[in-house]
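All remarks here apply to the structure that follows.
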Amino acid sequence: MTADASISFDRLAHCYDATRGGLARGVAFAPALARWCAPNGPVLEVGVGTGAIAVALRGQLGRAVVGLDLAPAMLAVARERLGPCVGVADVQQLSVPDAAVATLVASWVLHLVGDPAAMLRECRRVVRGDGRLLLVSARGEVSAQDMDAVMRDLTEEIRGRADVRERLEPIASAAGWTIVAEDLTDEERWADSPAAIADRTEARLRVALLDVDDETYDRCARPMVEALRALPDPTRPREHVGRHRLFVLEPQ
Ligand SMILES: C[S@@+](CC[C@H](N)C(=O)[O-])C[C@H]1O[C@@H](n2cnc3c(N)ncnc32)[C@H](O)[C@@H]1O
């Protein structure tokens, strides 16, 4: 990825909530985020998407959460949930004054940004000295189902990624952050069938596949699609229970 090649979710907006847990996901994330928010001051979520997390966090905190995102189609849904306090922006270059934000939230965004180091520097610029950056960026525990045995991490296969904390620590430190804590969100429950995941993968409605060529798709994704469809009763939804890892960062 080049520095400006972030992955906008405009092409996924129509299926985002239905395939990512929707408002229930926000309800699972909000308590852990609220636990680590600065006690007062403005809260900004970058990569706010459809606002599912922000609306739950606003309810939990009892104060406004402002949202910014690259994708107008995602923001159209967020605007219905949060009102006019959402707008288009690139987290690598925010039109926000220095030290204006007390808590900056980025949930499942860092891995999509063209230059994560630039994102972390920009976050440092806009967060005040006693503020915090809360990053949700990886799955923690996930319950095992038959389909999990054949699922493959397509992002890792295609881009060869290391553990998120290993990647985060050096770039966070260089941008002026210290990771002061790691927490887990509440349990999130979702149901998905092997057939539905196979269909979405084949339609390339997955971040890792949005821009890959046919050869990469055949090598990395096709075997998984075939294995999912070969499972017994592939259209039966399997329930999953999982938590997400939350990293708490403070200015050095
Ligand atoms: C996986 S979604 C997460 C949405 C929301 N935070 C949540 O957890 O439900 C990632 C969002 O980040 C946005 N995004 C990607 N790169 C971005 C960037 N450089 N600046 C702002 N938003 C970005 C995408 O458009 C997408 O809406």
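Inspect region 3-14 for any residue being within 9 Å of the ligand (Cβ to nearest atom), farther than 26 Å from Pro251 by Cα and open to solvent by less than 10 Å² (accessible area, probe 1.4 Å) and give the result as yes or no.
Yes, the conditions are met somewhere in region 3-14.
May I ask you to verify whether Gly47 is under 16 Å from the mean Cα position of the chain (by Cα), within 8 Å of the ligand (Cβ to nearest atom) and at positive phi?
Yes; evaluated as a whole, the condition is true for this residue.
Do we have any residue at all in region 102-117 that's surrounded by fewer than 20 Cβ atoms within 10 Å (Cβ to Cβ) and among the β-branched types (Val, Ile, Thr)?
Within region 102-117, none of the residues are surrounded by fewer than 20 Cβ atoms within 10 Å (Cβ to Cβ) and among the β-branched types (Val, Ile, Thr).
Can you run down the residue pairs with Cβ atoms below 7 Å, 6 or more apart or on separate chains, where the first is in region 152-176 and modelled with pLDDT of 90 or more and the partner is of a type in the set (A, V, I, L, M, F, W, C) and part of a helix (DSSP H, G or I)?
Ile171/Ala117; Ile171/Leu120; Ala172/Leu120; Ala174/Ala117; Ala175/Ala117; Ala175/Leu120
So which residues in region 218-252 are of a type outside the set (A, V, I, L, M, F, W, C), touching an Asp or Glu at 6+ places or on another chain (Cβ under 9 Å) and closer than 30 Å to Ser6 by Cβ?
Across region 218-252, the qualifying residues are Arg219, Arg222, His240, Gly242, Arg243, His244, Arg245, Glu250, Pro251.
I'd like the residue in region 207-245 that is touching a Ser or Thr at 6+ places or on another chain (Cβ under 6 Å) and assigned to a strand (DSSP E or B) and, out of all such residues, is nearest to Asp98 (Cα to Cα).
This residue is His244.
Kindly establish whether Pro72 is surrounded by fewer than 18 Cβ atoms within 10 Å (Cβ to Cβ) and more than 10 Å from the ligand (Cβ to nearest atom). Please lay out each step first, then the result.
Numbers: surrounded by fewer than 18 Cβ atoms within 10 Å (Cβ to Cβ): yes; more than 10 Å from the ligand (Cβ to nearest atom): no.
The answer is no for Pro72.
Tally up the residues in region 194-206 that are within 9 Å of Leu228 (Cα to Cα) and either touching a Ser or Thr at 6+ places or on another chain (Cβ under 7 Å) or of a type in the set (Val, Ile, Thr) (or both), please.
Of the residues in region 194-206, 2 are within 9 Å of Leu228 (Cα to Cα) and either touching a Ser or Thr at 6+ places or on another chain (Cβ under 7 Å) or of a type in the set (Val, Ile, Thr) (or both).
Please find, within region 154-206, the residue that is surrounded by the most Cβ atoms within 10 Å (Cβ to Cβ) out of those that are of a type in the set (A, V, I, L, M) and part of a strand (DSSP E or B).
Top of the filtered list is Ile179.
Tally the residues that are buried (at least 17 other Cβ atoms within 10 Å of the Cβ) and either farther than 21 Å from Thr19 by Cα or of a type in the set (A, V, I, L, M, F, W, C) (or both), restricting the search to region 213-233.
Looking only at that region, the number is 6.
Restricting to region 80-101, name every residue that is among the charged types (D, E, K, R) and open to solvent by 70 Å² or more (accessible area, probe 1.4 Å).
Glu80, Asp98
The values are calculated or read from the model by the stated rules, or taken from the named source; none is laboratory data. Remember, predicted model here, so these are calculated numbers, not experimental data. Glycine gets a Cβ as well: all are built from the backbone with ideal geometry, and neighbour counts include every protein chain shown. Just so you know, the surface numbers come from the protein's heavy atoms only, side chains and all, with ligands and any DNA or RNA stripped out. Shrake-Rupley method; radii C 1.70, N 1.55, O 1.52, S 1.80 Å.
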